[in-house]
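Only one structure is covered here, and it is reproduced in the block below.
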Amino acid sequence: MSEAVGEKILVVDDAPQNVKLLRLILKDAGYRVVEAFSGREAMDKLRAEIPAAMILDVRMPGMSGYEVCRAVRSDPEFATLPVIMVTALSMPEERIKGIESGATDFITKPFDKKELLARLRSSLSLVKAESRGSLDFLEGMVVLTDPAWRILGISSAAADALGLVEEESVGNDLQRLLKERGAALSAEPPSDSFTDFQMRSVDGRELIGRSNPVTDSRDRLWLRVTIFRESA
């Protein structure tokens, strides 16, 4: 079970049947659910309930999902709140508008239950990593980066191996750090492949590393998970 289970999720949709479906899925997965049926109600519930994430329909009368997302991002208290927008599969322009509005991720209609929960868990984990700069909820030497190799989170074991301070590591270029420490990368990594390398930790241990790309449902690179282990 993910440590994020039990978190409060705000579901926003003007269609009661959609809210009911999401409520059943989320509650069955162990989340607490707060409901809103309009953009205005969503903003009120956001401030009153302080949810851990929001699942937001794009097309609503009055205040649209884009407007809600922009309003959320304009409030410093919710600047990093995961906002998963529910969009129509046949309308890619909605994703562009969603990105411009500050959406964290997207789920398309009709959505798959497992994909929805996976995206929610990932969004919640990323926020925890970014806010703490730490991945100590994972065992071993693990670094999480965005597609451009900027560090989003790092475990204390990995920080020690790289000679980094956990709290100051977020935003650093992992690939540059590895090269500075003499890591022998297998190649300049294309976005869709594994990257293997060997290096020596700051305390002299021989390490083997692998960076694993994580892609979304459209095979677009989303993030990288780099794991180190000591050479046998």
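Please treat every number below as a calculation from the coordinates, not as lab data. Nothing here was measured: the structure is a model prediction, and the numbers come from that model. Cβ placement follows ideal geometry from the backbone for every residue including glycine, while neighbour counts extend to all protein chains displayed.
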Relative contact order %, segment 8-131, counting alpha carbon pairs below 8 Å whose residues are six or more apart: 22
Taking every eigenvalue of the Cα gyration tensor of segment 11-61, multiplying by 5 and rooting it, what semi-axes result, largest first, whole Å? 17, 14, 7
Which lysines have a Cα lying under 25 Å from the Cα of Lys27, excluding residues fewer than 8 positions away in the same chain? Lys8, Lys45, Lys109, Lys113, Lys114, Lys128
Run the numbers for Leu24 and Lys113: contour at 0.36 nm per residue of separation, minus the present Cα-Cα distance, in nm. 31.0 nm
Which of Tyr31, Tyr66 has the fewest other C-beta atoms within 10 Å, and how do the rest follow up to the most? Tyr66, Tyr31
What ranking do Val142, Val225, Val12 get, fewest neighbouring Cβ atoms within 10 angstrom at the top? Val225, Val142, Val12
Global size of segment 8-131 as Cα Rg and Dmax, reported in angstrom: 12.9, 35
How high is the relative contact order of segment 1-55? Use alpha-carbon pairs under 8 Å, at least six apart in sequence, and give a whole percent. 48
